[in-house]
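The values are calculated or read from the model by the stated rules, or taken from the named source; none is laboratory data. Source: prediction; values computed, not measured. Cβ atoms come from the backbone with ideal geometry, glycine included; neighbour counts cover every protein chain shown.
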Amino acid sequence: MRIGIFDSGIGGLTVLAEAIKKYPQGEFIYFADTGNVPYGAKSKEEVKELVLKAADFLDKKHINALLVACNTATSIGIEELRRKYDYPVIGMEPAVKTALKKDDNKKVLVMATALTLKEDKFRKLVHITGGDSRVEGLPMPGLVLFAEKKNFQGQEVEEYIRNSLSVFDLKEFSTLVLGCTHFIYFKDLIKRVLPDNIDIIDGNEGTVKNLISKLGEDEKEKSDKDKIEYYSSSKDFLKGDFEEYLSYLQKEGSV
């Protein structure tokens, strides 16, 4: 099975790493729109155009399924992609439902891009899961930029996270949802900043399980590096850069 995966940048590599673990027999074609990152700061119209262009690029690679490894791209373009292609198109969404189940009384904080948080798709998700009075959103555009610069640690990043969280009384919360795939690179740092009573969850595992359920089971041959193709809309982003990010994720145990 040839599976196309795309993201605005390198955040979707966290999903790719999960997919490689859960579906080792897959052939993966990863496209990073690094020439246009970040999506979360753009208009809805701009993002939709970029999403359709990225999907069209992957479709020409003769894929059997498309995984949109970006919450912002999913919220803007997933319905149109599903109408356009006759193979499974899987999207991302913040793991709000799972988070709300963890504690019936305390609140859930969702870190995401500003565009994801203001879209109808997110508001509907919160409403149908019964989270209207318990879910708070926190846009964190700086983390996307830090990730794209391979800046995962250090005082500048930690202060940005601490300052962003300081507007909340964290005693009121039980769970933090990472609603952007870029944010998973910072999971350990965020964990150190948060009080011990708050769990951190993301939607990667559930997304990959959904993908596998749509593909069905087939041969179990393990994929190798030759079965992973990398592409970028930025000419100076090379295969070695992708592999460096994946190595970091695996070393840090973030996936």
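General remarks:
- Some residue of the range 17-28 being under 19 Å from residue 234 (Cα atoms) and in contact (Cβ under 8 Å) with a residue 24 or more places away in the chain: no
- Scanning the range 59-80 for residues that are surrounded by 22 or more Cβ atoms within 10 Å (Cβ to Cβ) and either part of a helix (DSSP H, G or I) or touching a strand residue (DSSP E or B) at 6+ places or on another chain (Cβ under 6 Å) (or both) yields 66, 67, 69, 70, 71, 72, 73, 74, 75, 76, 77.
- Residue match in the range 109-126 (condition: within 30 Å of residue 50 (Cα to Cα), at pLDDT below 95 and among the polar types (S, T, N, Q)): yes
- Criterion applied to 214, 171 was being in a helix (DSSP H, G or I) and outside the structural domain of residue 125 (by TED's automatic domain parsing), and the one residue passing it is 214.
- Under the condition of being under 14 Å from residue 203 (Cβ atoms) and among the polar types (S, T, N, Q), the residues counted in the range 1-34 number 1.
- Among the residues making up the range 166-201, those that are hydroxyl-bearing (Ser, Thr, Tyr) and either crowded, with 19+ Cβ neighbours inside 10 Å or in contact (Cβ under 8 Å) with a residue 24 or more places away in the chain (or both) are 174, 175, 181, 185.
- The number of residues in the range 136-160 that are under 19 Å from residue 115 (Cα atoms) and assigned to a helix (DSSP H, G or I) comes to 8.
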